[in-house]
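Visitor: Next up is a structure, given as structure tokens.
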Amino acid sequence: MVRRAAPPPLTRAVPAALAALARLPGRFTSRLHDERVAAWLGMALGVSFLSAFATGLLSHFMQHPPGWAQWPSRPVNLYRVTQGVHVIGGLATVPLLLAKLWTVYPKLWQWPPLRSARHAARRVLVLVLVGGALFQFVTGVLNIAYWYAFRFPFTTAHYWTAYITVGALLIHAAYQWPKVRRTVMTRPQDAVGRRAFLLTVAGASGVIAAVTAGEAFSPLARLAVLAPRRPGLGPQGLPVNKSAAAAGVTATARDPRWRLTVTGRVRDDLVLTLDGLRALPQHTARLPIACVEGWSADADWRGVRLRDLLALAGAADDDAAVRVESLQRGGIYRTSRVDPPHLRDPLTLLALDLAGEPLDLDHGYPCRLIAPNRPGVMQTKWVHRLVVL
Ligand SMILES: Nc1nc2c(c(=O)[nH]1)N[C@H]1C(S)=C(S)[C@@H](COP(=O)(O)O)O[C@H]1N2
Ligand SMILES: [Mo]
């Protein structure tokens, strides 16, 4: 009869493993796992998280206006700047976050793991903060890389996790502030290594900013090797977010039976052919496409003012809003809403031309919306219907 050695009973194995873990902190010998490095990185992260939060909320509420507030249509480039700060600033924060986690991770092995209820609460808070921050960065980077590896709607998850993360951040910062203040106010005993480490981290952030900023700031476009979209690259010199093929509109957009209909709260429905649209007064506007994913590019548009079309259809009143509908059948970006400030703006066009020629199919042929200070997702392409609300 073969007898196997009995496994060590759990009563012995568990304490032995815990004791081994408890010895681990002795291995963290680098001087950089220290309070001073953690304090400086923490302050930089605090500023950067709050800036991402503010610009993120702005972008969210531009796309989902709360009802009691309407976004101004000027300055023309406002959204372009805030969203550039959000995405490019977010990318530049990655080295800070990694450095901070590396600096403080020995605390994971703190012994005993829980000293009191307060201590437990604090550790849970840090867990929420770290988990939330990693979630925002990982999904954010995957999203701008068009790699939808996750199964949940990115914008909803990104929006709600932002509140949780910033909530945890504020409590954490309030709790750590006295210590941070003490640490940065006292003169360091020896600065060797620490300064070099912090400069290296700052340098890494700077390099990331430099090789992505060109996606929004065209003088740096050639440097933007990390950016998924670059100004100047694409049909008519403009990047394309979703192509006509991907939107399933190649046939309907080229169909000679295409008509533009203006309907809803109007005197009479207005139905126009493409030639009819071209026969109306044409206006030009130099306006950017400013994608929520951070890239943006200026372009020269030409077409009919949205407000002229409404006037022609006899829209009921001055405070009307308009739903712009695309030929695209599905997807959340097939329609967008234009509120009065943008509707009244003379720069808001139903564009027919881009860079002096008819719109490329991928840029929204036969016509697309283009308005100032507005997220790219709301610049609806392949328009066929305007509904006055
Ligand atoms: N119908 C429709 N319009 C759309 C989209 C879309 O998916 N469907 N994408 C939007 C997004 S996310 C952006 S950034 C701009 C990009 O315009 P462009 O491809 O002409 O540069 O178009 C917008 N218009
Ligand atoms: Mo976009």
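The values are calculated or read from the model by the stated rules, or taken from the named source; none is laboratory data. Note that the structure is a prediction, hence the values are computed from the model and not measured. Don't worry about glycine lacking a Cβ; one is built from the backbone with ideal geometry, like all the others, and counts go over all protein chains shown.
Visitor: How many of the residues in the range 173-197 are touching a Leu at 6+ places or on another chain (Cβ under 7 Å) and assigned to a helix (DSSP H, G or I)? Before the answer, list the steps.
Guide: Taking the range 173-197 first, the residues touching a Leu at 6+ places or on another chain (Cβ under 7 Å) are 193-194, 197.
If we keep only those that are assigned to a helix (DSSP H, G or I) too, we end up with 194, 197.
Of the residues in that region, 2 qualify.
Visitor: To continue, here is another question. Given the conditions (1) within 24 Å of residue 284 (Cα to Cα); (2) touching a Ser or Thr at 6+ places or on another chain (Cβ under 9 Å), and given that residue 328 satisfies all but one, which numbered condition is not satisfied?
Guide: Only one criterion is unmet by residue 328, namely (1).
Visitor: Residue under question is residue 133, and the condition is that it be assigned to a helix (DSSP H, G or I) and under 19 Å from the mean Cα position of the chain (by Cα); does it hold? Working first, answer last.
Guide: Working: assigned to a helix (DSSP H, G or I): yes; under 19 Å from the mean Cα position of the chain (by Cα): yes.
Taking the combined requirement at face value, the residue satisfies it.
Visitor: Now a separate question. Being within 20 Å of the chain's Cα centre (by Cα) and either outside any helix (DSSP H, G or I) or modelled with pLDDT of 95 or more (or both) is true for just one of 32, 58, 41. Which residue is that?
Guide: On the way: 32 fails: within 20 Å of the chain's Cα centre (by Cα); 41 fails: within 20 Å of the chain's Cα centre (by Cα).
Answer to the check: 58.
Visitor: Sticking with this one: Taking the stated definitions as given, is residue 194 basic (Lys, Arg) and touching a residue at least 12 places away in the same chain (Cβ under 8 Å)? Break it down stepwise before answering.
Guide: On the way: basic (Lys, Arg): yes; touching a residue at least 12 places away in the same chain (Cβ under 8 Å): yes.
Yes: the conditions hold for residue 194.
Visitor: Looking only at the range 155-188, which residues are exposed (fewer than 14 other Cβ atoms within 10 Å of the Cβ) and under 19 Å from the mean Cα position of the chain (by Cα)?
Guide: Passing the criteria: 156, 160, 163.
Visitor: Another question, if that's okay. Taking into account only those residues within the range 357-386 that are within 8 Å of ligand 1 (Cβ to nearest atom) and within 19 Å of the chain's Cα centre (by Cα), which is farthest from residue 331 (Cα to Cα)?
Guide: That would be 375.
Visitor: Also: Given the options 52, 99, 117, 44, name the one that is of a type in the set (Gly, Ala, Ser) and farther than 28 Å from residue 210 by Cα.
Guide: After applying the criteria, what remains is 117.
Visitor: Moving on to the next point. Out of (1) closer than 15 Å to residue 285 by Cβ; (2) touching a strand residue (DSSP E or B) at 6+ places or on another chain (Cβ under 7 Å), the odd one out for residue 365 is which?
Guide: Failed condition: (1).
Visitor: Now, a different point. Checking residue 330 against (1) more than 16 Å from ligand 2 (Cβ to nearest atom); (2) outside any loop (DSSP other than H, G, I, E, B); (3) within 25 Å of the chain's Cα centre (by Cα), which test does it fail?
Guide: (2)
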